[in-house]
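The values are calculated or read from the model by the stated rules, or taken from the named source; none is laboratory data. Here the structure is a predicted model, which means the values were calculated and not measured. So basically every Cβ, Gly included, is an ideal-geometry build from the backbone, and we count neighbours across all protein chains shown. Each accessible area value is taken on the protein alone, full model and side chains, heavy atoms only, with ligands, DNA and RNA left out. Shrake-Rupley method; radii C 1.70, N 1.55, O 1.52, S 1.80 Å.
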Amino acid sequence: MKKINKQSVQKYNEALKNEQPLYRVSQVLEEAVNPIITTNFRPYEVAILHLVTQVKKDIPVIWCDTGYNTIQTYKHVEYVRELLDLNLKIYVPKQSVAYRNVIMGIPDLDNPSHALFSEQVKLEPFKRAMKEWSPDVWFTNLRKGQTAFRDSIDVLSYGANDVLKVSPFYDYDDNQLDEYLEQNNLKNEFKYYDPTKVIENRECGIHN
């Protein structure tokens, strides 16, 4: 990104503060060279997938499938993929769920194996995807109020990987997203499970 760099990101956040999500996406994509969007198909993910693909239909959609998703989530993936004709790129762990069930299962947070578990099922596939795609812009559905870390960022932010992270719905609450889904005739899915987080307001390591 030539214009939206670490030095100017605060200025752009001020400029985008009162703008609609679609405008935010359009403005960033004008500058982007190699943008991607990541998703885990949790509740409300269909909103950002719909939003971004309105502007860039063929944007690569990176999904790191832990292998532990619910039946409902997998069905939702197929619904969204077909509905939006997603350019979906799936990354999976190098170890199978069956193998891991024998070796460690799903460790609790206080279990020393939990860090290795998180690395295997989520962080390693994510790092592999980011290395293969080398994006300059990363669209994600982070929102204020989800975690303490997410309260500290904004619509635009830079992480440790020096990629511009864009959260178009950053200041939207669930009610506003419900309205967006209704206006665009999009289905949501709430039966979702993330084995690395255990508790809802915990970061898994991808974003912080």
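Summary table
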item: Amide N proximity, the stretch 49-74 versus Lys191 label position 7 Å along Cα-to-Cβ, cut-off under 13 Å; result: 69-74
item: Listed residues Tyr68, Tyr99, Tyr91, most fluctuating in the chain (Gaussian network, C-alpha, under 10 Å); result: Tyr99
item: Most mobile of Leu142, Leu164, Leu16 in a GNM of the chain (Cα contacts under 10 Å); result: Leu16
item: Nearest-0.05 FRET efficiency for Asp178 and Ile106, computed from C-beta distance (R0 30 Å); result: 0.45
item: Gap separating the Cα centres of the stretch 81-110 and the stretch 21-58, nearest whole Å; result: 23 Å
item: Relative intensity, log₁₀ I(q)/I(0), of the stretch 48-115 from a Debye sum that treats every alpha carbon as a point, q = 0.12, 0.18, 0.26 Å⁻¹; result: -0.46, -0.79, -1.16
item: Shape call, the stretch 1-107: gyration tensor on alpha carbons, a/c limit 1.5; result: prolate
item: Beta bridges per DSSP with both ends in the chain, % antiparallel, nearest 5; result: 20 percent
item: Accessible area expressed per residue, the stretch 1-106, with surrounding protein chains retained (probe 1.4 Å, Å²); result: 52 Å²
item: Carbon plus sulfur fraction of accessible area for the chain, probe 1.4 Å, in percent; result: 48 percent
item: Charged-residue dipole, Cβ positions (Lys, Arg, Asp, Glu), the stretch 1-107 about Cα centre, Debye nearest 20; result: 340 debye
